[in-house]
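For reference, the structure is listed below as structure tokens.
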Amino acid sequence: MVSAQKKLNSTGRRSGRWRTSERCRCRAAQELDSLKLLYAASSGDGHTMPGHPECFARSNAALNGLNTALEEANQATVNDASTPRDLEQLKNALANGVDYDEATDELLQLVHVPAYVEGLRELLPRAREAGCMTIETGGPTYFTPYSVMAAVSAVGAACAVADEIVAFNNAAVSTPAGLVLTRPPGHHAVPGGPKGFCLYNGAAVVARHVQQKHNCDKVVVIDFDVHYGNGTADAFRDDSSVLYASMHQERIFPFEGNIDEVGQGEGEGCNLALPLPAGTGRTLAFESWDTVIAPKAREFLRDAKKCFVVISAGFDAHFLDPTAQFMWDASDYYHLARRARELAGECAGGRLLYIMEGGYHVDNGNEASRGVGGALGVSIAELTRSTLGLASLEETLAARGNQVEASAPEKKAGLFGNMFGGGGGGAKVDPVEASRFALYGRAPRPDEPMELGMDILHRARQIHGI
Ligand SMILES: [Zn+2]
């Protein structure tokens, strides 16, 4: 058993949280029913390489995003409460941090081969000597003296939150969703080694963990990171009990995830790869989910006795992300999270866990994103807002835009007019587009490659009999 690792809650402090059994003994059922989110964060201290996009700043951005949404939820609850209550109590009523340990070798070896788990530790003396070294496995991954600790903490956090989700579900109270903000990411790591910034595959380990510990007979892993999760696909390639479904940009790293990769042997038909063109925006993202991924998942889970949904939640499909060319914005993560909740509620008893994968735009440069750390932080805030049942930031901004238009057109021109070439009072502005612009200083390119994308979705429906 590996000793307990430093635990961070959303404010960066060590947390000593209750286990669910304690919560259930100590708190009234109606309070537990109001809980919407269980979360864990692991900052990956010391696992960082100067100038590398998978950097320590991502932790801060992620935690800031979570905190921003929780603060808003807290405020909304204060406004709604008929009787004054303690603020911390209100916050805890909506979202709880989960205590966790480092993943044991036994957990890691649910997916990774023992030689790799041991081999990574054996690299530590060389890493201490070098400070930071690179492991070349067809997609370089940097490695520091702290990397093993960061990676086993990330996997441990994911499994602990999954355990809590199942415990709530078993206790016959409403089932909160889980959000795991950890690094390094995991979905490129294959059973035998690291790849593409990833050391251990948290999403794959959680899938195996809930099968073994909680008797889930079927697990769906949906991956909306802009890169294909080749490691997760590898882990379950010939397995009929796990569906891996990914929408990702075609012809970029890891150069896998072609539409004809459907799994093999008993797992044939249990790998769904949607390689979408550069420029894919919200229309193709939602179309992919609504007409291919969700129907496929529903069909896969139709005869399941107990199932679990894991989301490999990468945020690098954002239009500001430096690693790819999708055109999503933070609001799109809000709507994808809403769809995920609906699917898990309908097919998996609400058992749903988001695990952070990529997402590399952590710039603090513009006014709107200051304080939440660029596209990554805003996107995580949006996913959290969706989970907590709040309005999206886009909707809030749009409503504010409408209010401004209704009350004082000249003020609205000041807010949004310059962005669209207007300048005078009464400039005609679409409030939704204006809100997207206000968030980032520019809007995503509107012209999606619809014909190419729709053709891929059509072919996927044919291949998978949807
Ligand atoms: Zn990625």
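Between residue 286 and residue 325, the simple spin-label model (points 7 angstrom out along Cα→Cβ) gives 2.5 nm. For segment 38-390, lysine pairs separated by 8 or more sequence positions, or belonging to different chains, with Cα-Cα distances below 23 Å total 7. Using a cutoff of 8 angstrom between alpha carbon atoms and counting only pairs six or more residues apart, the relative contact order for segment 38-390 works out to 20 percent. Near residue 326, the amide H atoms lying under 5 Å from its own belong to 279; only residues 5 or more places off or on other chains count, and H is placed 1.01 Å from N.
Over segment 38-390, what is the percentage of antiparallel beta bridges among all DSSP beta bridges, to the nearest 5? Just about 15 percent of them are antiparallel. Once the chain from residue 33 to residue 399 is taken as fully extended at 0.36 nm per residue, the excess over their C-alpha distance is 128.8 nm. Sketch the reach of a paramagnetic label on residue 123 as a point 7 Å from Cα along Cα-to-Cβ, and name the residues of segment 145-185 whose backbone nitrogen lies under 20 Å away. Once the point is set 7 Å along Cα→Cβ of residue 123, 145-156, 182-185 turn out to lie under 20 Å by backbone N, inside segment 145-185. Note on segment 38-390: with charges restricted to the Cβ of Lys and Arg (+1) and Asp and Glu (-1), its dipole about the Cα centre is near 380 debye. When peptides 326-334, 126-134 are sorted by average Cβ neighbour count within 10 Å, with the highest value leading, the order is 326-334, 126-134.
Figure legend: label point modelled 7 angstrom from the Cα of residue 215 along Cα→Cβ; residues of segment 340-364 with amide N under 20 Å from it are 347-352. In this structure, the amide hydrogen of residue 276, modeled 1.01 Å from its nitrogen in the peptide plane, lies closer than 5 angstrom to those of 248, 249, 250, counting only residues at least 5 positions away or on a different chain.
A Förster radius of 25 Å combined with the Cβ-Cβ distance from residue 172 to residue 106 puts the calculated FRET efficiency at roughly 0.25.
Where a number appears in this text, it was derived from the coordinates with a stated rule and is not lab data. Small disclaimer: the values here were computed from a predicted structure and weren't measured. Positions of Cβ are generated from backbone atoms using ideal geometry, with glycine treated the same way; all protein chains shown enter the neighbour counts.
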